[in-house]
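The values are calculated or read from the model by the stated rules, or taken from the named source; none is laboratory data. No experiment lies behind these values; they were computed from the predicted model shown. All Cβ positions, glycine included, derive from the backbone under ideal geometry; neighbour counts span all protein chains shown.
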Amino acid sequence: MCRKFRACLRLTEKWLNPNRIRRSQVSRTKVKTGFEEESELSISTESEKNGAIKQEVPEVVTAKTTKKRKTKADKEAEAMPLRPRTQGLRMFVGAHVSAAKGVFNAVNNSMQIGGNAFALFLKSQRKWDNPALQDDHRDQFCQSCSEQEYNAAKHVLPHGSYLVNLAQEDNAKAKQAYNSFLDDLQRCEALGINLYNFHPGSAGQTTLPSALTRLAKALTNALAATSTVTPVLETMCGQGTTIGGSLNEFRDIIAQIPKEHHSRIGICIDTCHSHAAGYDLASPTGFKAFLKEFDEVIGLQFLRALHLNDSKTPRGSHRDLHANIGTGFLGLRAFHNIMNEPTFEDMPMILETPIDRPVSNASRPPTTDTSSATAAHEACASEDSESDLSEPEKPTKKSKAKAKKPTARLIADPSVWANEISLLESLIGMDPESLEFRSLEANLADEGREMREKHQEQHDRKVEAEEKKKKKAAEKGQKSLMDMMKGSSAGKGKKKTADP
């Protein structure tokens, strides 16, 4: 007994120190009163001093937090669309909406903004491994399209993964890209969707012709493995080794695909991308010339869809930065051209414009998760950082001491798309010389003036730097050539003097 007693005593001395406070289990109670939630914490303590344990009176701490509960009116307001759909139009405008928690949710999200067409991601666009399409999700999508009168075969345009590069040279990576691409096409066919938009990819370190051949071969295999879906190649801004900046590249791709598959190959014109690649879509004459070139080089029969985005950067900048309609360098006139072009009737026209707004400026909090809705333009913007042309300022002693200004918290505001859809639909049949159009054009241009001036300045600096680089290289080459000629002349002179 003595041995056991001593062991217990040592254990007690190890864990218990004089004046140690031990907290008992905290009890929590919540009392809901109106729109406030009151939380009470009851904390009882025990103190030990000189071996004597004293039980103290429990301390109750009450904290109130304001938490507004949604009323019936709030819930009804959230269920109401931001704008009703305008049906019966010959132009089908929509946006790239969220498909979070199931592809069927994209239908309701498109209804919320009054879209007559929509785009979505069929799976996560930022990872390779994704779960298979669930049967109930497929059935709900088809049912929702039917109930809301969306023609999935014509006016739904899924966007492909940004990871996929069908022009990839590495065999293992090319196989991974092809499998992901084919999986998306098969999902389209299961959902009754006939169009599938994707980026053509990049040549990387290889030659452009070899990259186009690899892309055409992958497309041919995918077309042979499917039966109804049409892969739609998107026009790009022509940055670096990216494929799709020039219309000629699409011609060369299609030429390498067997004619039996040509009815199932399409092109999507992204207005921001083609503008950045150097094509004039803003002036009426430039727009007509672009369509004429498209028809002569590729053929208008291959045109299947459009992405409607203004551009933060000037024409020919080769920078992919989307702007809201009418605020960028394309301007409202470019979109008036588009909305009144008979060639584009009955095609899906998809907005990928920025919708992130400061919390205070958002007209209404989003009713659904819009994270994947903004991913399209965010991913495009991330390919070309806005700050890549800005030289960092050297911090001064004063600036080091200054605290950073807090940035405003941004949320996705789908009402931006609702308003842009309404704006674009209003352009149908509108006289571009009318006071109504001129007023709209001027107001939107003024809204984006500061943004355009900033990017024009960056563009001018870049062009100036490139010109200096070219001039320096030319001078160096000319100097080297002159030195070679001088050396050659000197050699001949020596040879002559050496002759008897």
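Annotations
- Within region 416-435, the set of residues being outside any helix (DSSP H, G or I) and either closer than 14 Å to Ile355 by Cβ or in contact (Cβ under 8 Å) with a residue 60 or more places away in the chain (or both) comprises Leu427, Ile428, Gly429, Met430, Pro432.
- Verdict on Ser161 being in contact with an Asp or Glu (Cβ under 9 Å, 6 or more places away or on another chain) and closer than 30 Å to Thr353 by Cβ: yes
- Of the residues screened, Gly278 is one that is within 23 Å of the chain's Cα centre (by Cα), at positive phi and at pLDDT 95 or above.
- Test set (1) more than 25 Å from Leu321 (Cα to Cα); (2) surrounded by 17 or more Cβ atoms within 10 Å (Cβ to Cβ); (3) of a type outside the set (A, V, I, L, M) - Thr213 fails condition number: (2)
- Residue that is farthest from the chain's Cα centre (by Cα), among those in region 328-368 that are modelled with pLDDT of 95 or more and in a strand (DSSP E or B): Pro348
- For His455, the requirement of being within 22 Å of the chain's Cα centre (by Cα) and surrounded by 14 or more Cβ atoms within 10 Å (Cβ to Cβ) is met.
- Tally of residues being under 30 Å from Asp346 (Cβ atoms) and not acidic (Asp, Glu) across region 440-454: 2
- Among residues of region 213-251, those that are closer than 21 Å to Glu169 by Cα and touching a Lys or Arg at 6+ places or on another chain (Cβ under 9 Å), counted: 3
- For region 448-500, the candidate set comprises residues that are modelled with pLDDT under 85 and outside any helix (DSSP H, G or I); within that set, the residue that is nearest to Pro354 (Cα to Cα) is Asp499.
- Some residue of region 252-273 being touching a helix residue (DSSP H, G or I) at 6+ places or on another chain (Cβ under 7 Å), within 29 Å of Ala152 (Cβ to Cβ), among the basic types (Lys, Arg) and in contact (Cβ under 8 Å) with a residue 24 or more places away in the chain: yes
- The conditions of being of a type in the set (A, V, I, L, M, F, W, C) and within 15 Å of Leu351 (Cα to Cα) are met by Val93.
- Of the strands (runs of 3 or more DSSP E) lying entirely inside region 55-159, those carrying at least 1 residues that are β-branched (Val, Ile, Thr), under 27 Å from the mean Cα position of the chain (by Cα) and at pLDDT 95 or above are 92-96.
- Residue match in region 308-331 (condition: surrounded by fewer than 18 Cβ atoms within 10 Å (Cβ to Cβ), more than 17 Å from Glu453 (Cα to Cα) and among the small types (Gly, Ala, Ser)): no
- Within region 162-190, the only residue that satisfies the criterion of being touching a His at 6+ places or on another chain (Cβ under 9 Å) and closer than 20 Å to Val97 by Cα is Tyr162.
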